[in-house]
Amino acid sequence: EVPILDGSAAQFCRLLEDAGLEDQDCTVPSMAVEDVVRIESGPGQFIEARPYDGLKVTYTLSYPEPVGEQTYSFEMLGPASFKEEIAPARTFGFVEEIRALEMAGLGQGGQLSNFILISDEGIVNTRLRFPQELARHKILDMLGDLYLLGSPLRAEVVARKTGHGHNIELLNELARRLGPPGDI
């Protein structure tokens, strides 16, 4: 697993920029969703990929107060849009979950400086970088999971109350339907 750094992807973006990018004389085939693919896993909980000429992700997060509901839509318009809108969004966790992780001997890399800690009263350790930072981080997670397809995805993905397991379930269904990268 990669280092958590500050809980976002912002430092990874800076490292890539510092290293420099080199254009290559080739194209990477994309995978285009042609029919709606929907996975429902509970009441009001789903992830869906629809045909779209580009990549757009809308995520709705819904937790009891003090978090409540957050929705954010992101369209991948290039590296700059990702770097500005999604990369800075930090991971988050709840006090109860952290205690359970610690008791299980997990989450050893966690520090108060590399995630957003939430208690029954609200955020404990930091200020949000964006009003919808938690929903944006869920989009960051989803983009990382979807890139495991091996090719850029052309789709509109809409999700509500989902996580990595749901993302992987969608990814597996897309891979089954679309075939290996390059065949599209």
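What the Kirkwood sum gives for the chain is a hydrodynamic radius of 17.7 Å, with every pair of different alpha carbons counted.
Average accessible surface for the stretch 1-146: 60 Å² per residue, computed with a 1.4 Å probe over protein heavy atoms with every protein chain in place. From largest to smallest, the equivalent ellipsoid semi-axes obtained for the stretch 1-59 from the alpha-carbon gyration tensor read 31, 22, 9 Å. Among Glu133, Glu173, Glu156, which one shows the biggest mean-square fluctuation in a GNM of the chain, springs joining Cα atoms closer than 10 Å? Result for the chain, Cα springs under 10 Å: Glu173 fluctuates most. Between Asp35, Asp23, Asp120, the residue with the greatest mean-square fluctuation in the GNM of the chain (Cα pairs under 10 Å linked by springs) is Asp23. Would you look at the GNM of the chain, springs on alpha carbons closer than 10 Å, and say which of Glu84, Glu75, Glu121 moves the most? Maximum among the listed residues: Glu121. Shown are Met103, Met31, whose ranking by accessible area with a 1.4 Å probe and every protein chain present, most to least, is Met103, Met31. Summary value for the chain: 36 percent relative contact order, contacts being C-alpha pairs under 8 angstrom separated by 6+ residues. Note on the chain: with charges restricted to the Cβ of Lys and Arg (+1) and Asp and Glu (-1), its dipole about the Cα centre is near 240 debye.
Plugging the Kirkwood radius over Cα pairs into Stokes-Einstein for the stretch 11-105, at a temperature of 20 °C and a viscosity of 1.002 mPa s, what D comes out in µm²/s? The estimated diffusion coefficient comes to 123 µm²/s.
Of the solvent-accessible surface of the chain, computed with a 1.4 Å probe over protein heavy atoms with every protein chain present, carbon and sulfur atoms account for 52 percent.
Between the helical axis of 164-178 and the longest alpha-carbon principal axis of the chain there is an angle of about 10 degrees.
The values are calculated or read from the model by the stated rules, or taken from the named source; none is laboratory data. This is a predicted model, so every value here is computed, not measured. For neighbour counting, all protein chains shown are included, and Cβ atoms are generated from backbone atoms with ideal geometry for every residue, glycine included. The accessibility values were calculated without ligands, DNA or RNA, using every heavy atom of the protein model including side chains. Shrake-Rupley method; radii C 1.70, N 1.55, O 1.52, S 1.80 Å.
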